[in-house]
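Below you'll find the structure I mean.
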């Protein structure tokens, strides 16, 4: 049987092809809101334990889970450990209308380091691109992820998890500004043909003088 090390497939890729947008920078300056069925929160240490339909929001960031232990960091960000079936993490990318989303059975989020770790049946999405694995680590600042193929956790039904594989889908890049020559050729080909210039009036030719009628 292969060892976990042998099964591990590690990727270090950047989801953005150009200069990447980063997680929303204003989120840390926003208040932390939370709700749950039950919970214990220490307002002096800013540490809380919440359970039952838990929702935590800060700016554009949202975490939904069955249970969450969290704390507010010195820079006003939060760090949290979340459990659910699944947990859901969502945050807007800075300078873009897109969100990135994470789903898993467990998540570790560190707001100071701006990292999100997803464990067991993990799915990371950005737009229409996605990665599936049993472990994904994502840096929300650099938009780099690391995925490892790990065996499914005990108790996971057959074919319910991704298994010891990393799977993903990257959609084709936009073709804007790509192949300028080809684009120009296509534009020229699509342009209607110029009409032929209209012929000008034909010049009148001078006829011979009209001969006078012969005298009778």
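Read the figures in this text as sums done on the coordinates, not as results from a lab. For clarity, every value in this text was computed on a predicted model and none was experimentally measured. A quick note on method: Cβ atoms are made from the backbone with ideal geometry, for glycine too, and the neighbour counts reach across all protein chains shown.
How much length is gained if the chain between residue 130 and residue 79 is pulled fully straight, taking 0.36 nm per residue apart and subtracting their Cα-Cα distance, in nm to one decimal?
Values: separation 51, 0.36 × 51 = 18.36 nm, distance 2.40 nm.
Contour length minus the Cα-Cα distance gives 16.0 nm.
Just to be sure I understand the model, the point goes 7 Å from the Cα along the line to the Cβ. What's the resulting residue 35 to residue 69 distance in nm?
2.6
Can I ask one more? Can you tell me the length gained on complete extension of the stretch residue 113 to residue 42, counting 0.36 nm per residue apart and subtracting the Cα distance?
Here the answer is 23.2 nm.
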